[in-house]
Amino acid sequence: MASTATDPGKPRPPGTGSQESSAPSQPTRRGVELVMLAFAAVIVTSALTLVSINQNSQPTTQILYYGLAFLALFGLAHLAVRRWAPYSDPLLLPLVAFLNGIGLVLIHRVDLGNAAEAARTGRTFNAAAPSQVIYTALGLVLFVLLLAFISDHRSLAKYAYTCGLTGLVALALPAVLPSVIAPSINGAKLWIRLGPLSFQPAEFAKILLLVFFAAFLVSKRELFTTAGRRFLGIDFPRARDLAPVLVAWAASIGIVVLERDLGTSLLFFGIVLVMIYIATERAVWIMIGLSLFAFGCALAYPLFNHLQQRVDVWLNPLTSESGYQLRKALFGMATGGIGGSGLGGGYPSIVPYAESDFILITAAEELGLLGLAVLLLVYMLVTTRGLRVALAARDSFGKLLAGGVSFAVALQVFVVAGGVTGLIPLTGLTTPFLAAGGSSLVGNYMLVALLMRISDSTRRPQQPSKPRPQQPPIAEAHTELVERPR
């Protein structure tokens, strides 16, 4: 039988190979993502069933509809990822879906306790779980839109200064607007209300400032290490190179401090410090940043009364006049013990803000130390996958942006968990994807979309370059006659 061009024994003639065979194959692993999303939907549905059994003694068919709606919502997000980011990390979306689903379960559990208390006392009650479902849908819509319209994350670097300026304006809006639009809640002006809608601009300013700092540090990376003066054995960049990032950094921290949002100011401080370290690879910047942080704390403590109160609550939670929230949180966590009281079997509604600021205490009371450890491990996986994306990124801007986003999630979880357990003073930050809060949930889904866009560009196989036509040897080249110009 005559051999053909596809026989392995003979070389393929030039020009007969297909483009698909020449391109490297890379599995997208979208099937793994779909299976993990289905697994998360099963866990969420089972958790809702346990809450229903412990509260109403029998599950209802509505629980099944909730589980199917959860799977359908994230199934649509999965189809969008399959269409616009097929090579992105297959675990990021299932991990945040699990956290979001468990958060909905815990918020629903607190709503049931608050509803029973409202029925007993005759006061009005507004459930937080339906709003959280709407915010989840809105966050996934923006997640899909970012994947669809931003085909290359490097295009964001072109608008770095625009993002920085817009982020600073968004941070300052609650401070300059009148109290009718930007009311003061618990002593802090963080929210903007437009009719029935309310949002926190700092959550979206965080995304814009991350883009600005990443792009700026990439453009000035060499100047940070080569140009400038040497002082105490440290090479400092020139003032004109360092000034923009310092001005934006100080302005963002100063604005949120004046708005009494200590948690967001700490978050911005840590993010920029770590991004400078990633850009320069010099640990001395961490030491300088921590020294500035200690100096700033010592300077701010006698100036801000609310900071003194939070430090007093942290040092004396059982005797401080303002330590009611932390005392209830510590007692609720002690009640849960190792295994917890079971979903629907505790009393998390007696803790103030059990569905938002103290939702980790709700998890600790009903799921115990083991359940809380599982949630923290999932956050660790999200951070690890994000840092893996940063390490594998092919461009410096992607590395810095992915590293900043990953560290932002890790730092926020540490600050929240440390505050509600008494390890550090309370800051008022919300737990990403878990706590009730529309601005936080929507903003974090936008951050995940950026991570998945960078991951897609990292794992996407590069198309082989087209071979250049070879020039014939000079001895075999044809002679060309060139007419001399007159």
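The values are calculated or read from the model by the stated rules, or taken from the named source; none is laboratory data. Just so you know, these numbers come straight off a predicted model, no measurement behind them. Glycine also receives a Cβ, built like all others from the backbone with ideal geometry; neighbour counts cover every protein chain displayed.
Can you tell me which of I134, I150 is loosely packed, with under 14 Cβ neighbours inside 10 Å and aliphatic (A, V, I, L, M)?
Numbers: I150 fails: loosely packed, with under 14 Cβ neighbours inside 10 Å.
Only one candidate passes the filter, namely I134.
From (1) assigned to a loop (DSSP other than H, G, I, E, B); (2) surrounded by 13 or more Cβ atoms within 10 Å (Cβ to Cβ), pick out the condition that doesn't hold for A175.
Evaluating A175 over (1) assigned to a loop (DSSP other than H, G, I, E, B); (2) surrounded by 13 or more Cβ atoms within 10 Å (Cβ to Cβ) leaves (1) as the failure.
Tell me the residue from T362, T431 that is outside any helix (DSSP H, G or I) and either buried (at least 24 other Cβ atoms within 10 Å of the Cβ) or within 19 Å of the chain's Cα centre (by Cα) (or both), please.
On the way: T362 fails: outside any helix (DSSP H, G or I).
Exactly one residue qualifies, and that residue is T431.
Please specify each residue of the range 362-417 satisfying the condition of being among the polar types (S, T, N, Q), out of contact with any Pro (no Cβ under 9 Å at 6 or more places or on another chain) and touching a residue at least 40 places away in the same chain (Cβ under 8 Å).
Filtering the range 362-417 for residues among the polar types (S, T, N, Q) gives 362, 383-384, 396, 406, 412.
Remaining after also requiring out of contact with any Pro (no Cβ under 9 Å at 6 or more places or on another chain): 383-384, 396, 406.
Within the range 362-417, S396, S406 qualify.
Have a look at F125, F98, F70 and point out the one that is among the aromatic types (F, W, Y) and more than 21 Å from V32 (Cβ to Cβ). Before you say what the answer is, go through the steps one by one.
Numbers: F98 fails: more than 21 Å from V32 (Cβ to Cβ); F70 fails: more than 21 Å from V32 (Cβ to Cβ).
None of the other options fit; the residue is F125.
I'd like the full set of residues that are modelled with pLDDT under 50, outside any loop (DSSP other than H, G, I, E, B) and among the small types (G, A, S), limited to the range 3-59.
Taking the range 3-59 first, the residues modelled with pLDDT under 50 are 3-23.
In the following step, the residues that additionally are outside any loop (DSSP other than H, G, I, E, B) were identified as 19-22.
Of everything in the range 3-59, those that are modelled with pLDDT under 50, outside any loop (DSSP other than H, G, I, E, B) and among the small types (G, A, S) turn out to be S21, S22.
I'd like to check something: does the range 409-427 contain any residue that is surrounded by fewer than 22 Cβ atoms within 10 Å (Cβ to Cβ), in contact with an Asp or Glu (Cβ under 7 Å, 6 or more places away or on another chain) and part of a helix (DSSP H, G or I)?
no
Among the listed residues A227, A250, A182, which satisfies the condition of being in a loop (DSSP other than H, G, I, E, B), surrounded by fewer than 22 Cβ atoms within 10 Å (Cβ to Cβ), out of contact with any His (no Cβ under 7 Å at 6 or more places or on another chain) and modelled with pLDDT of 65 or more?
Values: A227 fails: modelled with pLDDT of 65 or more; A250 fails: in a loop (DSSP other than H, G, I, E, B).
After applying the criteria, what remains is A182.
Between residues in the range 114-127 that are surrounded by 10 or more Cβ atoms within 10 Å (Cβ to Cβ) and residues that are at pLDDT below 80, which pairs lie under 6 Å by C-beta distance while being six or more apart or on different chains?
N114/F125; A115/F125; A118/F125
Of (1) of a type in the set (A, V, I, L, M); (2) in contact with a helix residue (DSSP H, G or I) (Cβ under 7 Å, 6 or more places away or on another chain); (3) in contact (Cβ under 8 Å) with a residue 24 or more places away in the chain; (4) outside any loop (DSSP other than H, G, I, E, B), L330 satisfies all except one. Which?
(2)
Can we say N316 is surrounded by fewer than 12 Cβ atoms within 10 Å (Cβ to Cβ), of a type in the set (S, T, N, Q) and farther than 30 Å from S219 by Cα?
Values: surrounded by fewer than 12 Cβ atoms within 10 Å (Cβ to Cβ): no; of a type in the set (S, T, N, Q): yes; farther than 30 Å from S219 by Cα: yes.
Spelling it out, it is not the case that N316 is surrounded by fewer than 12 Cβ atoms within 10 Å (Cβ to Cβ), of a type in the set (S, T, N, Q) and farther than 30 Å from S219 by Cα.
Can you pull out every residue in the range 123-167 that is more than 20 Å from F212 (Cα to Cα), part of a helix (DSSP H, G or I) and not hydrophobic (A, V, I, L, M, F, W, C)?
Matches in the range 123-167: P130, S131, Q132, Y135, T136, G139.
Looking at G101, G113, G122, which is the one that is within 18 Å of the chain's Cα centre (by Cα) and of a type in the set (G, A, S)? Write out each step before concluding.
On the way: G113 fails: within 18 Å of the chain's Cα centre (by Cα); G122 fails: within 18 Å of the chain's Cα centre (by Cα).
Checking each option against the conditions leaves just G101.
This table checks each residue for (1) under 19 Å from V105 (Cα atoms); (2) outside any helix (DSSP H, G or I).
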residue: D312; (1), (2): no, no
residue: Q325; (1), (2): no, no
residue: A334; (1), (2): no, no
residue: G339; (1), (2): yes, yes
residue: L369; (1), (2): yes, no
residue: L375; (1), (2): yes, no
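Which of the residues that make up the range 75-112 are hydrophobic (A, V, I, L, M, F, W, C), assigned to a loop (DSSP other than H, G, I, E, B) and either surrounded by fewer than 24 Cβ atoms within 10 Å (Cβ to Cβ) or modelled with pLDDT of 95 or more (or both)? Break it down stepwise before answering.
Of the range 75-112, the ones hydrophobic (A, V, I, L, M, F, W, C) are 76-77, 79-81, 84-85, 91-93, 95-99, 102, 104-107, 110, 112.
Imposing the further condition that a residue be assigned to a loop (DSSP other than H, G, I, E, B) reduces the set to 85, 91.
Listed by number, the list holds a single entry, L91.
Can you go through L343, L303, L299 and tell me which one is assigned to a helix (DSSP H, G or I) and at negative phi? Steps first, please.
Numbers: L343 fails: assigned to a helix (DSSP H, G or I); L303 fails: assigned to a helix (DSSP H, G or I).
Just one listed residue meets the conditions, L299.
Can you tell me which of (1) at pLDDT 85 or above; (2) hydroxyl-bearing (S, T, Y); (3) surrounded by 19 or more Cβ atoms within 10 Å (Cβ to Cβ) is the one S265 doesn't meet?
(1)
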